[in-house]
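What follows is a single structure, written as structure tokens, with notes after it.
Readers should treat all values here as calculations from the given coordinates under stated rules, not as data from a laboratory. In this text the structure is predicted, and so the values were computed from the model without any measurement. In this analysis, Cβ positions are derived from the backbone assuming ideal geometry, glycine residues included, and neighbour counts consider all displayed protein chains.
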Amino acid sequence: MCLAIPVQVTEILPDNMAKVTLDGVSKAISTALIDDVQLGDYLVLHVGYALTKIDAEEAERTLELIREMAEGATA
């Protein structure tokens, strides 16, 4: 099973790269597969590559579902 998660762009880097964050964790990722990445955009991330943009509302809904599943797994 593969998992892709929403992340938010915090910095645009050279060479089709960007720094993104998720719950305080930052990572440099490739944005080579999508166009016109802007600061603050939400991207769907899979194994270090941004696959597509996602709107902020959908990103927050998805992240909340992931958090709920994680909490249920520890209960």
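Pick from the stretch 5-46 the residues that are among the small types (G, A, S) and out of contact with any Phe, Trp or Tyr (no Cβ under 8 Å at 6 or more places or on another chain): which of them is surrounded by the most Cβ atoms within 10 Å (Cβ to Cβ)?
Step one: filter the stretch 5-46 for residues among the small types (G, A, S), giving 18, 24, 26, 28, 30, 32, 40.
Keeping just the survivors that are out of contact with any Phe, Trp or Tyr (no Cβ under 8 Å at 6 or more places or on another chain) gives 18, 24, 26, 28, 40.
Numbers: A18: 23, G24: 5, S26: 11, A28: 11, G40: 9.
Among those that are among the small types (G, A, S) and out of contact with any Phe, Trp or Tyr (no Cβ under 8 Å at 6 or more places or on another chain), it is A18.
So is T52 surrounded by fewer than 14 Cβ atoms within 10 Å (Cβ to Cβ) and of a type in the set (S, T, N, Q) or not? Show your work before the answer.
Values: surrounded by fewer than 14 Cβ atoms within 10 Å (Cβ to Cβ): yes; of a type in the set (S, T, N, Q): yes.
So T52 passes the test.
Which strands (runs of 3 or more DSSP E) does the chain wholly contain that include 1 or more residues that are polar (S, T, N, Q) and out of contact with any His (no Cβ under 8 Å at 6 or more places or on another chain)?
On the way: elements: 5-13, 17-22, 25-30, 42-46, 49-54.
In the chain, 5-13, 17-22, 25-30, 49-54 are the strands (runs of 3 or more DSSP E) which contain 1 or more residues that are polar (S, T, N, Q) and out of contact with any His (no Cβ under 8 Å at 6 or more places or on another chain).
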